[in-house]
């Protein structure tokens, strides 16, 4: 459930946020030698990596037990990374003339990627992505391309975000990105609804493990899904506002489908970016229609931000996991809080009720971010 938090400075009054419990015990299985130079977002990413590796390789194993360490890599990302920690460090330095001696590492976004590689002795391809709300999808897509190019056998990839400080929230609120709703949580995040007024800022991380298919089969891995294709194109128009003619977003969707080797008619489910902002929901609807034509009305589409809020840098990687769960469980997640549909957002958004026992073989995950960054993944059920 979204939580109301109150701010008074700069006219920020009641707002809804989806924040994690502040319990340091959640990092108890991480080495302090790695966490002491990470901001909160980095710690969340490292814990997600730990859980991912544990699921993929077993509690006491890691990728380098199965692959050459030079064939194992990491791509992590965030929208604003350690901004909260940096603000605190700067304030402390301004008041005392001294602060945490690890401040330069805490401020370095790539520290979390390095920490993950250090935790498992991974020596292969590394990268850190900062692409706002498209970060998580781009991290997974780039990891897919690295494996596809033969440069790695195994990659950990995903995104993270933790923005709690008054400044961070104010800076996102200024361009009117956050939901205006102050009373009813059902109207705080309501994608594709006439009532939508912005997104609910969320905190969290999500990381997946990608492996070369033949190598995964050879080691007896439990394969959950297959990444069929990835595409990304930029608007090149505006730092905040998405492109009205949806040329880049529609091209991203089209090329992702084309590269998958599947027909658009084979898409069984679309996880939309669906931020609950006026322009995103409208333009994303238009882009889907532009690519799929009349078939767009038949494909189930949903925005799971309606109950998670917007995880920003972790949104795309979390929603990739949602797609994998849909493929494996035959469950199509609803778009919650869609009581008053916008007539211009008229696709099959699965309002308010999950669809069980669905036949889902192919899913499309769409992400967009500040800066006009668009990304899409086509994900198939494991055969």
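The values are calculated or read from the model by the stated rules, or taken from the named source; none is laboratory data. As the structure is a prediction and not an experimental result, all values here were calculated from the model. All Cβ positions, even for glycine, are placed from backbone atoms using ideal geometry, and neighbour counts span all protein chains on display.
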**OP:** Count, please, the residues in the stretch 1-58 that happen to be at pLDDT below 90, in a loop (DSSP other than H, G, I, E, B), in contact with a strand residue (DSSP E or B) (Cβ under 8 Å, 6 or more places away or on another chain) and surrounded by fewer than 19 Cβ atoms within 10 Å (Cβ to Cβ).
**Re:** 2
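This table checks each residue for (1) at pLDDT 95 or above; (2) surrounded by fewer than 22 Cβ atoms within 10 Å (Cβ to Cβ); (3) under 18 Å from residue 177 (Cβ atoms).
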site: 313; (1), (2), (3): yes, no, yes
site: 330; (1), (2), (3): yes, yes, no
site: 334; (1), (2), (3): yes, yes, no
site: 349; (1), (2), (3): yes, no, no
site: 354; (1), (2), (3): yes, yes, no
site: 357; (1), (2), (3): no, yes, no
site: 365; (1), (2), (3): yes, no, no
site: 381; (1), (2), (3): yes, yes, no
**OP:** Hand me the list of helices (runs of 4 or more DSSP H) wholly inside the stretch 233-325 holding 3 or more residues that are touching a helix residue (DSSP H, G or I) at 6+ places or on another chain (Cβ under 7 Å).
**Re:** 247-260, 278-292
Original post:
Which residue pairs have Cβ atoms under 6 Å apart, sit 6 or more places apart or on different chains, and have a first residue in the stretch 236-260 that is on the phi < 0 side of the Ramachandran plot and without any contact (Cβ under 8 Å) to a residue 40 or more places away in the chain and a second that is part of a helix (DSSP H, G or I) and surrounded by 14 or more Cβ atoms within 10 Å (Cβ to Cβ)?
Top reply: 254/291
Subject >> Single match in 257, 223, 240 (criterion: modelled with pLDDT under 95 and either farther than 24 Å from residue 348 by Cα or surrounded by 23 or more Cβ atoms within 10 Å (Cβ to Cβ) (or both)) >> reply: 240
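Using the structure shown, decide if residue 54 is in the same structural domain as residue 85 (by TED's automatic domain parsing) and either farther than 25 Å from residue 165 by Cα or without any contact (Cβ under 8 Å) to a residue 12 or more places away in the chain (or both).
Criteria met by residue 54.
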Subject >> Verdict on residue 98 being in contact (Cβ under 8 Å) with a residue 60 or more places away in the chain and in the same structural domain as residue 48 (by TED's automatic domain parsing) >> reply: no
